[in-house]
Amino acid sequence: MDITLLGTGGPLPDAHRAGPATLVRTGGVNLLVDAGRGVLMRLAAAGLGAAQVDAVLLTHLHSDHITDLGDLVTTRWITSFAPSPLRVFGPVGTERHLEHLMDSLADDVSFRMAHHPDLAWNPPMVVTEVDLVGPEPTEVWRTETDPAVVVSAGPTDHRPVHPSIGWRVDDGSASVVLAGDTVPCEGLDRLTSGADALVHTVIRKDLIEQVPVQRLLDILDYHSSPQEAGETAQRAGVGTLILTHFVPAPAPGDLDQWTALAASTFGGTVVAGDDLHTVTL
Ligand SMILES: [Zn+2]
């Protein structure tokens, strides 16, 4: 199983970090978790096109995590020579969001269909909203390509962004959890228990707290610090904690600080990578 950090940035544009997105590749299955700014550029750098994504797993509907879904939908559609439905799993609200997205793309779709006689179908999609009740994780998809690859979902806590979902991928020999944005919570603990690796978004609360701007201070209460991500990883007993979605964007050479903070609460391996960094389990 290969886990590639496609985008390690946050909501603010950064010259070197794309928006949040992570690729999990195993058993011939390509799973994309979130679709932030620049996702298709980073996918191309990882050797994949939009048409090769087997499913998109959305952690929540914050714009920085979904802003390039439209690019994915359109590019997949115009590079497929037969209808190839994009499979999307997400929290309740995903269907409505995608309906609005398709409304926004309607002019482009009609222009292209009028111009290309062989493009005779609208961008097809298969959307599954995962409605979780209680903290227990639930299996949501067993892939056709490789039935050993199982996708599960568990509730996270990113309130007032609700619902939000953490994803787990098991392939029979390795497993990874992709937490998205969340504070430590029982749902994430249960989902992560016994996994090999945890990909967790992180913000440096110690740095944000020093900026006297209320709009920045507001974000402290619904994200995890590296130390909190480390505590979650420690409770779950994972071997590797992979940090991503760095807020604020680390200066060059600063990732060691982030790693050390997570390592202060976690005894396993901590990885703090740049875009396209790959961890193989
Ligand atoms: Zn968020």
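Overview of values
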quantity: For peptides 174-181, 106-113, 44-51, 62-69, sequence by mean Cβ density within 10 Å, most packed first; calculated: 174-181, 62-69, 44-51, 106-113
quantity: DSSP-assigned coil residues among GluC sites (Glu not before Pro) in segment 193-281, each with at most 15 further Cβ atoms within 10 Å; calculated: E209
quantity: Estimated FRET transfer efficiency (S63, D107; beta-carbon r; R0 25 Å; 0.05); calculated: 0.70
quantity: Stretch gain in nm, segment L216-D189, where the contour uses 0.36 nm per residue and the Cα spacing is subtracted; calculated: 7.0 nm
quantity: Pair T269, R235: separation of 7 Å Cα→Cβ label points (nm); calculated: 2.5
quantity: For the chain, calculated [θ]222 nm from helices alone, where every DSSP H run of n ≥ 4 adds -39500 (n - 2.57); calculated: -7500 deg cm²/dmol
quantity: Antiparallel %, DSSP beta bridges [both residues in segment 2-280], to 5; calculated: 55
quantity: Sequence of W121, W258 once ranked by neighbouring C-beta atoms within 10 Å, starting from the fewest; calculated: W121, W258
quantity: Calculated log₁₀ intensity ratio I(q)/I(0) where the Debye formula runs over C-alpha points of segment 167-281, q = 0.11 Å⁻¹; calculated: -0.33
quantity: Set of segment 208-232 residues, backbone N closer than 19 Å to the point 7 Å along the Cα-Cβ line of R159; calculated: 218-225
quantity: Segment 1-24 residues near the modelled D146 label - backbone nitrogen below 20 Å, point 7 Å along Cα→Cβ; calculated: 1-6, 22-24
quantity: 12 Å tail of the calculated P(r), segment 233-281, as % of Cα pairs; calculated: 62
quantity: Convex hull of the chain built on C-alpha atoms - directionally averaged projected area, nm²; calculated: 14.3
quantity: Sparse-neighbourhood loop sites, chymotrypsin sites (Phe, Trp or Tyr not before Pro) in segment 18-98 - DSSP loop, at most 12 other Cβ within 10 angstrom; calculated: F81
quantity: Estimated distance in nm for a label pair at A251 and L276, the labels positioned 7 Å out from Cα along Cα-to-Cβ; calculated: 2.6
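Just so you know, all these numbers are worked out from the coordinates, no wet-lab data involved. What you are looking at is a predicted structure, and each value in this text was computed from that prediction instead of being measured. Note that each Cβ is placed from the backbone with ideal geometry, even for glycine, and that neighbours are counted across all protein chains shown.
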